[in-house]
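Working notes, beginning with the structure itself.
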Amino acid sequence: MDDRIKTYDEKMTKTYNNLLSEFGTIRAGRANPNVLNKIKVDYYGTPTPLQQVGNITVPEPRMLQIQPWEVSMVKAIEKAILTSDLGINPSNDGKVIRLVFPELTEERRKELVKDIKKKGEAAKVAVRNIRRDANDHLKKLGKTDVSEDEIKDLEDHVQKLTDKYIKDIDKAVEEKSKEILTV
């Protein structure tokens with residue numbers, strides 16, 4: 001790949017990967033440890049990712065279990081979950097915290113699918129903005145000692161990259177929507 005457009009390919013890749021990680025935090029009625037990725041726990045005055053203060057397991061399809069490495073962290077973890085936007089009340093037995101995910105209603109599933117499509121559209125807009133930036137950059141190169149044919153080839157390559165990422169985003173949106181709508 002030409003170095004002049006490599007940075008734009010990397011930006012599109014980051015946009016796509018960011019979308020996938022956002023999709024990972026959307027809960028689909030099944031317990032998925034990724035929903036806890038954004039939760040930070042107050043660990044001796046330092047905000048620390050939840051995964052770094054305990055072991056997270058999925059003992060049942062709709063339950064997450066958090067086993068803190070230090071029993072004294074149970075209250076801090078519980079507080080972090082309650083103040084997050086997860087919308088689930090944790091229960092604990094003094095040693096282990098359990099999160100039980102309720103079944104999603106059909107209405108809630110449809111809302112989530114709308115949200116997924118919105119995120120997908122935002123990612124596609126971001127990819128198209130990267131394409132525009134790349135094309136602007138290539139037009140500036142055209143004013144220097146780069147031939148028109150070379151510029152045209154690079155623009156075609158950028159368009160192919162854009163098409164590939166748009167297709168990947170559409171596929172990811174479709175798969176996540178299907179996952180959410182599957183009861």
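Looking at 113, 125, 146, which one is β-branched (Val, Ile, Thr) and either touching a strand residue (DSSP E or B) at 6+ places or on another chain (Cβ under 7 Å) or in contact (Cβ under 8 Å) with a residue 24 or more places away in the chain (or both)?
113
Only one residue in 71, 53, 41, 96 is touching a Phe, Trp or Tyr at 6+ places or on another chain (Cβ under 7 Å), in contact (Cβ under 8 Å) with a residue 12 or more places away in the chain and more than 30 Å from residue 173 (Cα to Cα). Which one?
Only one candidate passes the filter, namely 53.
Mind telling me which of the residues 118, 75, 79 ends up being open to solvent by 100 Å² or more (accessible area, probe 1.4 Å), outside any loop (DSSP other than H, G, I, E, B) and either closer than 20 Å to residue 22 by Cα or polar (S, T, N, Q) (or both)?
One residue alone meets the criteria, 118.
Tell me, which residue of the range 156-183 that is modelled with pLDDT under 90 and farther than 23 Å from residue 18 by Cβ is surrounded by the fewest Cβ atoms within 10 Å (Cβ to Cβ)?
Looking at the filtered set, the residue picked out is 183.
Restricted to the range 6-47, and to residues that are in a helix (DSSP H, G or I), of a type in the set (Lys, Arg) and out of contact with any helix residue (DSSP H, G or I) (no Cβ under 6 Å at 6 or more places or on another chain), which residue is least open to solvent (accessible area, probe 1.4 Å)?
6
Let me confirm something: among 104, 112, which residue is outside any helix (DSSP H, G or I), of a type outside the set (D, E, K, R), under 28 Å from residue 20 (Cβ atoms) and within 21 Å of the chain's Cα centre (by Cα)?
After applying the criteria, what remains is 104.
Within the range 129-147, which residues are open to solvent by less than 90 Å² (accessible area, probe 1.4 Å) and part of a helix (DSSP H, G or I)?
Within the range 129-147, 129, 130, 131, 133, 134, 135, 136, 137, 138, 141, 142 qualify.
Take residue 57 and decide whether it is among the hydroxyl-bearing types (Ser, Thr, Tyr), open to solvent by 40 Å² or more (accessible area, probe 1.4 Å) and under 25 Å from residue 102 (Cβ atoms).
Values: among the hydroxyl-bearing types (Ser, Thr, Tyr): yes; open to solvent by 40 Å² or more (accessible area, probe 1.4 Å): yes; under 25 Å from residue 102 (Cβ atoms): yes.
When the stated conditions are applied, residue 57 passes them.
The values are calculated or read from the model by the stated rules, or taken from the named source; none is laboratory data. Bear in mind that the values here come from a model prediction, so they are computed numbers and not experimental data. Positions of Cβ are backbone-derived with ideal geometry, glycine not excepted, and every protein chain shown enters the neighbour counts. Accessible surface is based on the protein model in full, side chains and every heavy atom, while ligands, DNA and RNA are left aside. Shrake-Rupley method; radii C 1.70, N 1.55, O 1.52, S 1.80 Å.
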